[in-house]
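A.B. asks: Okay, here's the structure, questions in a sec.
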């Protein structure tokens, strides 16, 4: 039953991705001033929103870990952090391609672009911090504190374009077919993001279970070292 | 490069990253990577 539901989930994700591509290619019209390049927006915006959600998941799981000290919360934070890097890479790549066509340059140091790059680097460093600490308890603790601090950049990315002068557009007026296409693209990107976090979380949890440390147990003849059987 | 080519490039990179990572995770989950020993 569980396997069937997972299969259905991924089939719906594949179908909605195919539907989204078909809508971009055949249904939604080109925007009058920007032309076909505006169509990057349908992938760029959902990926940006899902980046925020992945960062938020990482933040909440990290706060939860600091309060409850449950290993599964650390596994969830690690999974969400990794997916946040993936999604932020897509946001930066699609944004740069947009920039090259719309503004004539791949990159400009505007506030939103700079804070987005900082966000990407912060979460790459989060993964590097995790990889560099061997002790699982120490790693979970330091990573949780780091993730909470790293999350402070998310509101800066969101607010920068409103608080400071920026080349990045704040809003784009959309016709109905464009709105429908944008709404349709939220489905595959959100499903993919959630699916990736759950997949990675399950892999992390299994890896933790299979790598439980060998701990000493006291017997009448002294300490006996044995692997914990999960 | 025309506008349409930029759009295709953006979608290939974006979806390639997402689905590529999904394929890697699905393969490692199926092959029992990190499974209980």
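The values are calculated or read from the model by the stated rules, or taken from the named source; none is laboratory data. Fair warning: this is a prediction, and the values are worked out from it, not measured in the lab. Here the Cβ positions follow ideal geometry from the backbone for every residue, glycine too, while neighbour counts run over all protein chains shown.
A.B. asks: Tell me which of these residue A:129 doesn't satisfy, since it passes every other one: (1) under 22 Å from residue A:86 (Cα atoms); (2) touching a residue at least 24 places away in the same chain (Cβ under 8 Å).
C.D. replies: It is condition (2) that residue A:129 fails.
A.B. asks: Right, another one. Keeping to the range A:105-116, report how many residues are out of contact with any helix residue (DSSP H, G or I) (no Cβ under 8 Å at 6 or more places or on another chain) and either within 17 Å of residue B:17 (Cβ to Cβ) or within 12 Å of chain B (Cβ to nearest Cβ) (or both).
C.D. replies: 0
A.B. asks: Same structure, new question: Among the residues of the range B:1-29, what is the count of those that are at pLDDT below 80 and part of a helix (DSSP H, G or I)?
C.D. replies: Residues that pass the stated criteria total 1.
A.B. asks: Sort through A:54, A:18 and tell me the only one that's in contact with a helix residue (DSSP H, G or I) (Cβ under 9 Å, 6 or more places away or on another chain) and closer than 17 Å to residue A:194 by Cα.
C.D. replies: Working: A:18 fails: closer than 17 Å to residue A:194 by Cα.
The unique qualifying residue is A:54.
A.B. asks: Return only the number of the condition from (1) surrounded by 23 or more Cβ atoms within 10 Å (Cβ to Cβ); (2) on the phi > 0 side of the Ramachandran plot that residue A:104 does not satisfy.
C.D. replies: Unmet for residue A:104, out of (1) surrounded by 23 or more Cβ atoms within 10 Å (Cβ to Cβ); (2) on the phi > 0 side of the Ramachandran plot: (1).
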